[in-house]
Amino acid sequence: MAMRHDEIVAQFSGLAKVVEGADLVIGGTAQFAAVHVAEALDIPYYHTPPVTIQVLPSKHYPPPLTIARPLSQKMPEWMNQILWRIYYTLLNRIGRSTINRYRRGLGLKSTRRPQEMLKRYIIAVDKALDTVPADVKTDYVQTDYWHLFEDEKLDPELVAFIESGPPPVYFGLGSMPQKTPKESEKMLEEVANSLGIRMIISRGWAGFGQDIANRNIKVVGFSPHHKLFPLMSTVI
């Protein structure tokens, strides 16, 4: 709750000057202020969740905070519906007083349901991975994944590594942290050695690559996936 309060305060600060004169405002997952600033300036607003559809209420899956356990994906539809009501009740309470203070400062009326101000969504998920269920009533448009770096080139050292032998295996956890990255590094290195394969490991939020010194393993930072993956034998 404290983190959300601090985020709300930081986001409202100066945001009106940033978006003034815009034709459209698009906010990301943890953007709490933009929808209210856009309303005050009479600018259309769309919300964009992070590469997942399961932020839109549906009886076919539970809300985000309950999907950590595999069994939560197999709950009955009526249970999912109850959980969505609880989820929105909690979200609307957290940070509401702070949001309403800024809304009044913008000349807007207070709201009891700030989370439900997010009425229009852009779902940046490839339809090959998932589609929005038919029971979703929210106004949305589903696009493919947004490649923000279409012209980004692969690092020359990375290209040299790829071309120096058979196509490698790519392994990456993206924004998933790791409490024991060294143990995972050791496991990956043992896998590469035992199978006799070459491997590219994404450093990611796990921070891999601190203790890997293996000529058949290359640790990389950001690399444009749409250019890197076609050169791999397998992507994990």
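Taking the Cα centre of the range 73-208 as reference, the dipole from Cβ charges on Lys and Arg (+1) and Asp and Glu (-1) amounts to some 1580 debye. Here the gap between PHE222 and ILE122, fully extended at 0.36 nm per residue and compared with their Cα-Cα distance, gives a gain of 33.5 nm.
Per residue, the convex hull spanned by the Cα atoms of the range 38-111 amounts to 112 cubic angstrom. Between 0 and 90 degrees, the angle of helix 96-105 with respect to the longest Cα principal axis of the chain falls at about 60 degrees.
For LYS179, the lysines whose Cα falls under 24 Å of its own Cα, not counting residues fewer than eight places away in the same chain, are LYS218.
Once divided by 2.2 N^0.38 Å, the Cα radius of gyration of the range 184-236 becomes 1.11.
For LYS182, the aspartates and glutamates whose Cα comes closer than 12 Å to its Cα, not counting residues fewer than 8 places off in the same chain, are ASP211. For the range 170-213, applying the loop criterion from DSSP together with a ceiling of 13 other beta carbons within 10 Å to the chymotrypsin sites (Phe, Trp or Tyr not before Pro) yields TRP205. Using only Cα coordinates, the Kirkwood hydrodynamic radius of the range 80-199 works out to 20.1 Å.
In nanometres, what is the gap between the two model label sites at THR52 and THR143, each 7 Å from Cα along Cα-to-Cβ? Result: 2.1 nm between the two label points.
Extension gain, VAL159 to TYR88: 0.36 nm times the residue separation minus the Cα-Cα distance gives 20.9 nm. For the range 1-154, what is the Kirkwood hydrodynamic radius in Å, using each pair of distinct C-alpha atoms? Across the range 1-154, the inverse of the average 1/r is 17.0 Å.
Since every read-out is calculated from the coordinates, none of them should be taken as a lab result. This structure is a prediction, so every number in the text was calculated from the model and none was measured. Note: ideal-geometry Cβ built from the backbone for every residue, glycine included; neighbour counts use all protein chains shown.
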